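First the structure, in the form of structure tokens, and then the observations on it.
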Amino acid sequence: MDITVTDAATRLSTTIPRVRRAIARLGIVTSPTPNGPGRPRQFLDEKDFLRLRDDLGSTPAHGPWGREEMRVLAAFLMNPFGFRSRRAVAATAGISPTTASAIVDRLIDHGLIVQVRGPVRSNGRVTTGTILAINETDERWGGLLGDVLVTQLPVPRVTPEATIVPRRFWHLFWNAQPSRLPIDEHADFVASRMLLSRDPFAVSWAATHLPPSSIEKTSSLRQVGRSDGNWLRAIARARRTSVER
């Protein structure tokens, strides 16, 4: 079924100019209406609409927060162990660092996000730093979860299929040879090592690239607490929804 540019903007909870710019950037050819008064309306087929959704992301039309806020909340859901910086939040949410920083500050003021001190791994070394993380004790997250789960973050424009763990994460596999761990054969092991590392960048990469089934298996491991298990299962559901789209 053909979709008008106006309908596409409504379904993606964004503006018509933003949709038009994305159409031009992606080189999508729209079909104008045959003979009609006024400005010809542009139509997209379903395949091109899905390309738009991957490029722009989508948020619930009537969510409790705005478009950018929902993307930041979704970024935190995809990385329940937190972020080391507002810039890392911005990169995951697909918005500008300035906008992300302002939103994170508002979420902190509202108590949904907290700043905590904890161990941070970087290039194999562990230091103590400030981490931005979900406030798991705030009961409002339960009411937000449904809308956050259906929020789709923009798909990275260049995302080659990963076959092995990137070299920057090899230090997490101290008792194995990551270059000899093809993901299609060792996804469960790779998921457990990366998702439980509490390295925000490793968690974010694993949540984006590893199979939902492996993420879900990690959530059931004996050493995973109830709270972390719930968030990992939420990640698996969100990832499964993204894969099936």
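Since every read-out is calculated from the coordinates, none of them should be taken as a lab result. Keep in mind it's a predicted model, so treat the numbers as computed, not measured. Positions of Cβ are generated from backbone atoms using ideal geometry, with glycine treated the same way; all protein chains shown enter the neighbour counts.
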Self-check item: Under 5 Å, built H, 5+ apart or other chain: amide partners of Gly129
Solution: Gly118, Val120
Quiz item: Hey, quick one: spin label on Val29, modelled 7 Å out along Cα-Cβ, who in segment 48-80 has an amide N within reach, i.e. under 19 Å?
Solution: 48-52
Self-check item: Distance (nanometres) between label positions extended 7 Å along Cα→Cβ at Thr137 and Asn230
Solution: 1.4 nm
Practice problem: Using 0.36 nm per residue of separation minus the Cα-Cα distance, give me the extension gain between Arg20 and Leu149 in nm, one decimal. | Solution: 43.8 nm
Quiz item: Considering amide H positions built from the backbone, and no H for Pro or chain starts, which residues 5 or more places from Asn135, or on another chain, come under 5 Å of its amide H?
Solution: Ile113, Val114
